[in-house]
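The values are calculated or read from the model by the stated rules, or taken from the named source; none is laboratory data. Small disclaimer: the values here were computed from a predicted structure and weren't measured. Cβ sites come from the backbone with ideal geometry, for glycine too, and all protein chains shown count toward neighbours. Accessible surface areas use protein heavy atoms only, side chains included; no ligands, DNA or RNA. Shrake-Rupley method; radii C 1.70, N 1.55, O 1.52, S 1.80 Å.
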Amino acid sequence: MKNNRMKILSIDGGGIRGVVPAMAMAEIERRTGKHIAELFDLIAGTSTGGILALGMTKPDADGRPQYTAEDGVRLYENEGHRIFSRSAWQRVRTLGSLVDEKYPSAPLEEVLQEYLGDARLKDAVTDILITSYEIERRIPWFFRSWRAKERPDYDFPMTQVARSTSAAPTFFEASKVETEDIGEYYALIDGGVFANNPTMCAYVDVRTRFPNVSDFLVVSLGTGELTRPINYNEAKDWGLVNWVRPLINILMQGVTATVDYQMQQMLPKTTTGEQRYYRFQAQLVEGSDDLDDVSRTNIRVLKLKAEEMIHQNSAAFDQMCAALVAE
């Protein structure tokens, strides 16, 4: 934190659509010549955004950020099919995911282990806040790297943090995180059920930790705005089975848009016209808004939509990047 200004990056959840914020971060790195972890005081993430936040702050052997945002883009391109893969037997056994999660968790866990290794939450090179939800205690759960540094009982492997924040209901089974107390554990699911856009969570957390800070620069990256309509003539007769997946999307999209509105009110432009809050979101008119559409065609479209968003907001990107590197 320099000149009493707190710089916050927030990354939405959205499965394979994490390609979009990864592309945006790569552009920020290109324009500033600095790593994402060097530009922000806090990086918050939910689900796929949480995985990106962990990846951007995982240290290498020298204590420097190991991965760039371009590496994040390649993660989705190269590993998407592994993460969202299921056998014919899995389809039959789960009755098309009606009676069990859609995907086995083993491939996801293997990818997380390969990329995050033995790094722990306390090792993050920049403060991070990762969202999850504890289903037995029925409370929002936050993995905070600064708390992990202070309290060993709150320090967990990055792989477990990533697994917990991305345990999307109906897609992956819940995550069970063991504690140091024998027999105790946390039962966690995707933080997107309450904070798919974690910007407000990050902002409030910082205001609580640093009550004297009044100068903020907040950058919020979306994973693409859902545009496919839900047809009334079809939906009016839906029951529980038909509503489950669409309802999850509706809740996440509603929360995401609400937080954006709240942040606009909380951090309007200064009296001198300086922008303090930036929200970058792509419109998924052509691309699929499914969390698990890992087809090469869809990933290609997501990348093109991200490029389009960056181009259309180029002036805002320049303005934001200048503010990020200003001393």
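Of note:
- 10 Å beta-carbon shell around Val125, net charge (K/R +1, D/E -1): -2
- Straight Cα distances below 26 angstrom link Lys149 to the lysines Lys2, Lys7, Lys34, Lys58, Lys122, Lys176, with same-chain residues fewer than 8 positions distant left out.
- Efficiency of FRET from Cβ geometry, Ala106 and Arg138, R₀ 22 Å, rounded to 0.05: 0.20
- Value of D in µm² per second that Stokes-Einstein yields for the chain, Kirkwood Rh from Cα pairs, at 37 °C (0.692 mPa s): 164 µm²/s
- Working from Cα pairs under 8 Å separated by at least six residues, relative contact order for the chain is 25 percent.
- Take 304-313, 19-28 and order them by the average number of nearby Cβ atoms within 10 Å per residue, most first; the result is 19-28, 304-313.
- Each Lys and Arg Cβ is given +1 and each Asp and Glu Cβ -1; about its Cα centre, the stretch 108-265 then shows a dipole of about 500 debye.
- Taken per residue, the accessible surface of the chain reaches 46 Å², heavy atoms only and a 1.4 Å probe.
- Its Cα centre serving as origin, the chain has a Cβ charge dipole (Lys and Arg +1, Asp and Glu -1) of approximately 540 debye.
- Rounded percent of accessible protein surface that carbon and sulfur make up, the chain, 1.4 Å probe: 50 percent
- Taking 1.002 mPa s as the viscosity and 20 °C as the temperature, the Stokes-Einstein diffusion coefficient of the stretch 182-327 based on its alpha-carbon Kirkwood radius rounds to 118 µm²/s.
- Unit charges at the beta carbon, dipole of the chain: most positive-side option, Phe40, Gln281, Thr126: Gln281
- Count Lys and Arg as plus one, Asp and Glu as minus one, and take only other residues whose Cβ is under 13 Å from that of Glu150; the net charge is then +3.
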